[in-house]
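The structure under discussion appears below in the form of structure tokens.
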Protein chains: 4
Amino acid sequence: MTASARALRSDAARNRESLLAAAEEVFAERGVEASVADIARRAGVAKGTVFRHFASKEDLIASLVCDHLITLTDAAHRLADAGDPGAALLEFLTIAADQRRQHDLTYLLTYSANDARVTTIRDEVHAGVETLVANARAAGAIRPDVTGTDVFLLMCAPVHVMDGLSDPPPDLWRRYLAIIFDGLRPQGATALPLPAPELS
Amino acid sequence: MTASARALRSDAARNRESLLAAAEEVFAERGVEASVADIARRAGVAKGTVFRHFASKEDLIASLVCDHLITLTDAAHRLADAGDPGAALLEFLTIAADQRRQHDLTYLLTYSANDARVTTIRDEVHAGVETLVANARAAGAIRPDVTGTDVFLLMCAPVHVMDGLSDPPPDLWRRYLAIIFDGLRPQGATALPLPAPELS
Amino acid sequence: MTASARALRSDAARNRESLLAAAEEVFAERGVEASVADIARRAGVAKGTVFRHFASKEDLIASLVCDHLITLTDAAHRLADAGDPGAALLEFLTIAADQRRQHDLTYLLTYSANDARVTTIRDEVHAGVETLVANARAAGAIRPDVTGTDVFLLMCAPVHVMDGLSDPPPDLWRRYLAIIFDGLRPQGATALPLPAPELS
Amino acid sequence: MTASARALRSDAARNRESLLAAAEEVFAERGVEASVADIARRAGVAKGTVFRHFASKEDLIASLVCDHLITLTDAAHRLADAGDPGAALLEFLTIAADQRRQHDLTYLLTYSANDARVTTIRDEVHAGVETLVANARAAGAIRPDVTGTDVFLLMCAPVHVMDGLSDPPPDLWRRYLAIIFDGLRPQGATALPLPAPELS
DNA sequence: GATGAATGAGAGTTCATTCAT
DNA sequence: CATGAATGAACTCTCATTCAT
């Protein structure tokens, strides 16, 4: 009984993972408008099974987003005590951009901005970024007038820039991350016209 | 006769403008998936009227995008002979970001990337940016390894950054434009890891 | 004043005729589902003008059908006193089938079966056919058990048969009229299984 | 498991049949322009269910037509070896006309003439008729100048003739089948004015 | 009388979601 | 637990008809 229960559970867990992976692929290909049926088909399960694992399509997206954000909090924690705070911040931003299909993450994040779990983890990521930025600023690696919230907001920009191209080189974001990061350095910084925002 | 013909036309023209304005607002609020019915309601006309003015939802979006892009080609032409090429480029990027509700332009541009009119005007904007960038580079106002295509792609980033905030100060993009523009300056520039892309 | 009034009237009459002609063409090409806009365009007038001349699309169709039916009553009257009643009936059926685009007449007749004018003229045609059939029967040209209503109903069959072909020779109906008419002849006639219907 | 699967399938199958039956009725009453909503209502299911069973309205119509045509190929095969070829042909035509609501088949066949399935089965029916006609001709039961294609095209005429009546006796087609079949007999045949067509 | 812009009901179709099996 | 049939609201788009000009 426990054996079969466990088997079921592991089956269910496998299905959940298949669904998340399938969703990521399908959203990457077709955008958020991709249908639940598409995702179920890709995962090799029936449509109804999607709703056994996720309360709604929104919930599925939120779970997807959370998974991505958790890897970011992990990275932020790991890099918080790094020797070179400037390099640590740059590495964090590189990791953030380097998540496959992050392309969608932007859309999906917007889509699930009201989800409680997403908000929570997003705040944790934000806190992690705040720490990395504080460290980097203290070390003189980035300009003093830039806040953690600024960097948090700029995080997705390098990937988003690629949306202007229909078939971009997959690593092109590295170029724009470099440019933007140069804008965060103290060298050649000009006065900023507006105060930094608070993360609502 | 011409008077009455003009009267009709001016009424129709007013409707057309209402529709474009309404579409801009509604797309800004709900994204591209906003329905034609929403747009009609906001414009205060019947659903069918939308299709009298625009062959399809796609066509409406393309028209919207074209309107925006045309103001950009105008600005680029006007600024091409400015005395201070660096200031001219910055002003152009300011104008580009300062278009009300540009927020959407990015999504909408992606959505209508295959429209012939949009492609044409987009290429003109690109050419204009190329000129402004060449001038600025020649004047030493921006780093030599940055191309017109780079700037064209980065153009929307300051506004897009605000997507991370649910209720941002409306001028916040100025802050991020300043940061990104600092990244384009020669001071403190680091080597870029990838070559600049071609605009497909 | 009378001059201009007359001019207007003749203009209006011309428009009416253009519209009927255009409608016939367009219905022939696209079927009854052809739009009023199509018809107006073909006639070179505005959509609103259609509704000045015809109360509704149904009314336009009914007018079209009436025009066709009137040529049939004319033919029936003309042939009522012909020397050879059998030949007269055959000629009438030939005329009935030979109306260009009669193909649609069938559909259109069904479509406007409830229109008062159509019903009236249809009854006149029926009466005319009744006479021609009575004459032919009296002359022994057609079998005695066939009524005017039978022939009236069979009238459209030769043209309708061609619907089974996507690109039929335009005169093919002549072949099927000949076959059906042979079925009306006394030679080789077998007993009919049901009594003739009344025209409702 | 197979039992429940079968149960589901039988429910679904019932719905499919309800839909086909409802479609047949509704098309008979209102013509091809009858809406999918009407059909769903008649079948007692939701609109969406129609599209679960049929990819499109066109597909539904094609399925309907195919169902009808299949009973005809069956009949043709069964009758191909009959002792009396003339009687066999007449029986085939009787079966063809006796399909409930065949009334529509003509319209619907035209509507779905481009559907691959329909084309295939229609060709099989044609081939079957060709055989029956060849047999009947060899036996001297029908005139030598009439082809299988002729009979194939005339097949629907008896039913179609009834369109001229708003409330015809349901068996009235038998009367017109008899008349038309008399036209196919060798007795009293007159020379046909045009060659027989090829089925495109 | 003629125009064509506006209307709004209704078409076919899609899809997230529910639920009997 | 999984299935997939059923649902019905929402979507884009069409069109006969009205009416101000």
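The values are calculated or read from the model by the stated rules, or taken from the named source; none is laboratory data. Small disclaimer: the values here were computed from a predicted structure and weren't measured. Neighbour counts run over all protein chains shown; Cβ positions are idealised from the backbone, glycine included. For the accessible areas, the whole protein counts, side chains as well, though only heavy atoms, and no ligand, DNA or RNA atoms are used. Shrake-Rupley method; radii C 1.70, N 1.55, O 1.52, S 1.80 Å.
Report the percentage of all Cα-Cα pairs in the protein assembly as shown whose separation exceeds 33 Å, rounded to a whole percent. Above the 33 Å cut-off, the protein assembly as shown has 67 percent of its Cα pairs.
For chain C, the fraction of C-alpha pairs more than 25 angstrom apart is 45%. If you take the accessible area of B alone plus A alone and subtract the pair, what total do you get in square angstrom, rounded to 100, with a 1.4 Å probe? For B against A, buried area totals roughly 3700 Å². What separates the D:GLU124 label point from its copies, with the point 7 Å along Cα to Cβ, is 5.1, 6.0, 6.3 nm, written shortest first. Nearest 10 degrees is fine. How inclined is helix D:116-138 to the longest principal axis of chain D, computing both from alpha carbons? The angle comes out at about 30 degrees.
In Å², and per residue, what accessible area does region B:55-191 have when probed at 1.4 Å with the other protein chains present?
38 Å²
Taking square-rooted eigenvalues a ≥ b ≥ c of the alpha carbon gyration tensor, is region A:54-171 rounded, prolate or oblate, where a/c under 1.5 means rounded and, failing that, a/b exceeding b/c means prolate? Taking the square roots of the gyration eigenvalues as a ≥ b ≥ c, region A:54-171 is oblate.
Computed on the Cα trace of region C:23-78, the radius of gyration divided by the Kirkwood hydrodynamic radius gives Rg/Rh = 1.06.
Spacing of the modelled spin labels on C:GLU33 and A:ARG41, each 7 Å from Cα toward Cβ, amounts to 2.6 nm.
Taking a straight line from the alpha carbon of A:LYS57, these lysines sit under 19 Å away, with near neighbours fewer than eight places off in the same chain left out: A:LYS47. For the protein assembly as shown, the carbon plus sulfur part of the accessible surface works out to 54%, probe radius 1.4 Å. Each Cα pair under 8 Å and six or more residues apart adds its sequence gap; the mean of these over the residue count of chain C is a relative contact order of 19 percent. Computed with every protein chain present, the accessible area of D:CYS156 is close to 20 Å² [probe 1.4 Å].
The residues packed around C:LEU165, meaning those with a beta-carbon under 13 Å from its beta-carbon, carry a net charge of -3 if Lys and Arg are +1 and Asp and Glu are -1.
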